[in-house]
Amino acid sequence: MSIYDEAADKAKKQLDEISPTMCYAKWSQVSMHLTNGKTHSCYHPPTHSIDVNELQTNPSALHNTKEKKEQRALMLKGERPEGCSYCWNIEDTGARSDRVYRSGEYWAQNAREEIAEAGADGNINPRYVEVNFNQACNLKCSYCSPHLSTAWHEEIDEHGPYKIKDGEHNNTDSLNKGGLMPMRVAQKDNPYVTAFWKWWPELYKNLEVFRMTGGEPLMDSNTFKVLDYVYENPNAWLEMSLTSNMCPPKPILMDMLVSKLQKMEEIQIWEDPNKFNPNSGNNWYVAPACKNFSVFVSVDGYGEQAEYMRNGLCFKTLQNNVQRILRETDNTTVTFINTFNLLSVTSLREFLQWILELRDQYAKDRQGTKYIEIPDNGGHKHEPYAIVPKQRIWFDIPLLRAPFWQNIQILPQYYQSYLEEAIAFMEMNKANEEHIDYRGFKDFEIDKVKRNLEVMKGGSMFHRDEMYKARANFYKFFTQHDQRRNTDFLKTFPEMEDWWEICEEADALI
């Protein structure tokens with residue numbers, strides 16, 4: 001049994017003692033969309049609106065909304081809130097859901113006492129927080145939307161929504177009606193951002209995971225304000241990250257990020273009277289400003305094909321900036337997020353080769369543990385700080401579900417050979433299990449590609465008309481994409497000429 005399963009077993013017993021539907025993760029994790037005043041707990045429930053009036057007296061209502069408290073009351077009574085249907089559907093099959101698995105995570109376990117004390121009506125400070133401050137972004141990723149990118153918004157304002165079968169795509173009027181478009185106010189006047197900073201000092205006290213997303217976080221001053229705050233108020237328990245396209249519109253923004261990360265890695269000495277340090281047996285800490293900092297790099301393929309999928313990206317600039325992060329910092333990790341869609345398939349082998357080359361160049365085990373001598377502090381003697389080897393380059397390939405016309409399941413079966421070739425390449429370059437190996441591919445990484453292959457094979461289950469419509473929409477969308485953005489699908493993906501013809505034929509048929 002894995003450590004993950006053991007933690008889930010423990011969490012299941014704890015939850016059952018409260019009620020058969022209780023969840024710790026729902027109250028200890030939050031995603032806050034400050035652009036439009038939306039929030040949700042964990043990633044599965046739909047977002048709902050935050051009452052701006054409630055924020056006047058309770059800024060923690062960014063998380064502790066009336067709707068969430070009503071859902072907590074239902075759980076305490078053993079009932080199932082409708083918004084958590086993702087987990088209920090899984091549990092109805094007899095399997096365990098994220099309600100149990102994520103409740104077993106360390107950050108959820110550490111919030112147990114506060115959750116118990118809060119009951120149905122109390123306010124809870126989440127341990128895992130994800131926030132996007134605004135929609136500012138210089139890219140127009142093919143699967144993205146105007147409510148998440150100012151560049152997309154500008155294009156729709158200029159050219160209108162894309163025409164697809166049976167309707168329009170990325171219509172800002174429809175997005176506005178759905179409450180998704182950002183508020184049309186200056187950032188300094190955004191009441192949700194104002195409430196965040198009012199809540200932040202209290203929220204920060206027990207924060208364990210903090211992620212900044214976007215848009216592009218490097219285009220928002222709040223990102224750097226957070227980094228400054230953490231440096232000035234170090235937290236040895238905190239894991240931090242930001243998600244970036246690594247290709248900001250101004251080079252100085254990358255200079256600022258690297259400079260901030262270097263400061264964050266400085267070894268500091270501080271005393272936290274509220275937290276016990278198990279390593280030293282007292283409340284003194286000798287550590288960087290946070291436990292770990294990760295940069296999640298959004299890139300869905302390799303070279304020109306990556307640029308096509310994420311319009312506005314310069315792949316060479318991305319590569320250079322990733323190299324800067326790895327070369328000019330000691331401990332910051334980089335995780336590539338390949339939102340795996342049908343345009344990612346043919347360059348997957350090159351993408352993995354790039355990961356392997358970076359790991360070979362920056363594998364920390366070549367250097368061994370590095371010790372930094374720490375001067376005595378007011379009569380307190382401190383042991384040298386050890387920078388231990390670790391994996392600095394990671395990747396993930398979560399599947400794209402929407403828009404459906406970019407889903408890998410609508411490709412012909414023979415495209416599965418690209419994933420089979422990639423899996424064979426990973427098996428040939430597998431990590432050595434007999435000792436720590438930061439270069440080769442891990443079993444769980446190989447399993448993720450195998451999972452995507454199995455999902456790809458499931459495309460044969462779709463109804464013929466559904467498949468034809470998706471392929472027709474692919475042709476319609478990317479025909480307009482090329483016209484608006486001066487791109488050329490067939491020049492960029494010459495190996496997919498047959499696919500383009502299949503989609504063109506589908507468009508003519510329906």
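The values are calculated or read from the model by the stated rules, or taken from the named source; none is laboratory data. Every value quoted in this text rests on a predicted model; they were computed, and no experiment measured them. Ideal geometry is used to build each Cβ from the backbone, glycine not excepted, and the neighbour counts take in all protein chains shown. All accessible areas refer to the heavy atoms of the entire protein, side chains included, with ligands and DNA or RNA removed. Shrake-Rupley method; radii C 1.70, N 1.55, O 1.52, S 1.80 Å.
Structure notes:
- Per-residue ³J(HN,Hα) for the stretch 167-177, Karplus 6.51 cos²θ - 1.76 cosθ + 1.60, θ = phi - 60°, Hz, x for Gly and Pro: x, 10, 10, 6, 7, 5, 5, 5, 5, 5, 4
- Gain on full extension, evaluated as 0.36 nm per residue between ASN53 and GLU505 minus their Cα-Cα distance, stands at 157.4 nm.
- The chain: angle of helix 464-485 to the longest principal axis, Cα-based, in degrees nearest 10: 80 degrees
- Entries of LYS260/LYS448; LYS225/LYS291; LYS68/LYS263; LYS165/LYS457; LYS77/LYS177; LYS140/LYS163 with Cα pairs more than 27 Å apart: LYS260/LYS448; LYS68/LYS263; LYS77/LYS177
- Of PHE210, GLY312, TRP405, farthest towards positive along the dipole that unit charges on Lys, Arg, Asp, Glu beta carbons give the chain: PHE210
- When the alpha-carbon atoms of the stretch 407-483 are used, the pair Rg, Dmax equals 17.1, 53 angstrom.
- Reducing the stretch 1-79 and the stretch 353-397 to their Cα centroids gives an inter-centroid distance of 35 Å.
- Unmatched cysteines, the chain - criterion: no other Cβ of a Cys under 4.7 angstrom: CYS23, CYS42, CYS84, CYS87, CYS137, CYS247, CYS290, CYS314, CYS503
- Of all accessible heavy-atom area on the stretch 33-116, the percent that carbon and sulfur account for (1.4 Å): 47 percent
- Residue-span extension gain [ARG324 to LYS205] - 0.36 nm each, minus C-alpha spacing: 39.7 nm
- Label zone of GLU495 (point 7 Å out along Cα→Cβ, amide N under 20 Å): in the stretch 384-399 this covers 396-399.
- On Cα atoms only, tilt of 191-204 relative to the major axis of the chain in degrees: 40 degrees
- The order of the peptides 116-126, 41-51, 65-75 by mean Cβ neighbours within 10 Å, most packed first, is 65-75, 41-51, 116-126.
- Axis of helix 150-159 versus longest Cα principal axis of the chain: the two differ by about 30°, to the nearest ten degrees.
- Model label points for ASN432 and GLN109, set 7 angstrom from Cα along the Cα-to-Cβ axis, are 3.3 nm apart.
- Relative contact order %, the stretch 434-508, counting alpha carbon pairs below 8 Å whose residues are six or more apart: 36 percent
- Under a model in which nothing but the beta-carbon of Lys, Arg (+1) and Asp, Glu (-1) is charged, the chain shows a dipole of about 620 debye around its Cα centre.
- Ligands, DNA and RNA left out, the 1.4 Å accessible surface of the stretch 209-335 is 47% carbon and sulfur atoms.
- Here the peptides 348-355, 22-29 are ranked by packing, the mean other Cβ count within 10 Å, and the order with the highest first is 22-29, 348-355.
- Helical mean residue ellipticity (222 nm; -39500 (n - 2.57) per DSSP H run of 4+; nearest 500) of the chain: -12500 deg cm²/dmol
- Theoretical FRET efficiency, 1/(1+(r/R0)^6), r = Cβ-Cβ of MET256 and PHE444, R0 25 Å, to 0.05: 0.15
- Averaged per residue, the stretch 302-437 has 46 square angstrom of accessible surface, using a 1.4 angstrom probe with ligands and nucleic acids left out.
- Residues in the stretch 379-396 carry Karplus couplings, in order, of x, 9, 8, 10, 5, x, 7, 9, 9, 8, x, 7, 6, 9, 10, 10, 8, 9 Hz; the curve used is 6.51 cos²θ - 1.76 cosθ + 1.60 with θ = phi - 60°, and Gly or Pro positions show x.
- Three semi-axes describe the equivalent ellipsoid of the stretch 158-307; taken as square roots of 5 times the Cα gyration tensor eigenvalues and ordered largest first, they are 37, 20, 14 Å.
- For the stretch 185-289, the set of GluC sites (Glu not before Pro) satisfying both a DSSP loop assignment and a count of at most 13 other C-beta atoms within 10 Å is given as GLU266.
- Expressed to the nearest 5 percent, the antiparallel share of DSSP beta bridges inside the stretch 183-330 is 30 percent.
- Couplings for the stretch 232-242, taken from phi via the Karplus curve 6.51 cos²θ - 1.76 cosθ + 1.60 with θ = phi - 60°, read 7, 10, x, 9, 5, 9, 8, 9, 10, 7, 9 Hz in order; Gly and Pro are left as x.
- Placing a label point 7 Å from the Cα of ASN176 along the Cα-to-Cβ direction, no residue of the stretch 481-507 has a backbone N closer than 13 Å.
- Nearest-0.05 FRET efficiency for LYS188 and MET461, computed from C-beta distance (R0 45 Å): 0.35
- Modelled FRET efficiency - R0 45 Å, LYS10 with SER417, Cβ distances, 0.05 increments: 0.55
- Only beta bridges with both residues in the chain are counted; by DSSP, about 35 percent of them are antiparallel.
- Inter-probe distance in nm under a simple model that places probes 7 Å from Cα toward Cβ, at GLU454 and THR487: 3.1 nm
- Amide hydrogen proximity for CYS141: with H placed 1.01 Å from N in the peptide plane, the residues at 5 or more positions away or on another chain lying under 5 Å are ASN311.
- Most positive-pole-ward Cα, TYR24, ILE436, ASN125, against dipole of the chain from beta carbon charges: ASN125
- Amide hydrogen neighbours beyond the local backbone of TRP394, cut-off 5 Å, H modeled: VAL334, THR335, PHE336
- Highest average first, the peptides 287-293, 317-323, 13-19, 423-429 ordered by how many other beta carbon atoms sit within 10 Å of their residues are 287-293, 317-323, 423-429, 13-19.
- For the stretch 164-194 versus the stretch 467-510, the gap between their alpha-carbon centres in whole angstrom: 28 Å
- Cα centroids of the stretch 262-287 and the stretch 304-327: 36 Å apart.
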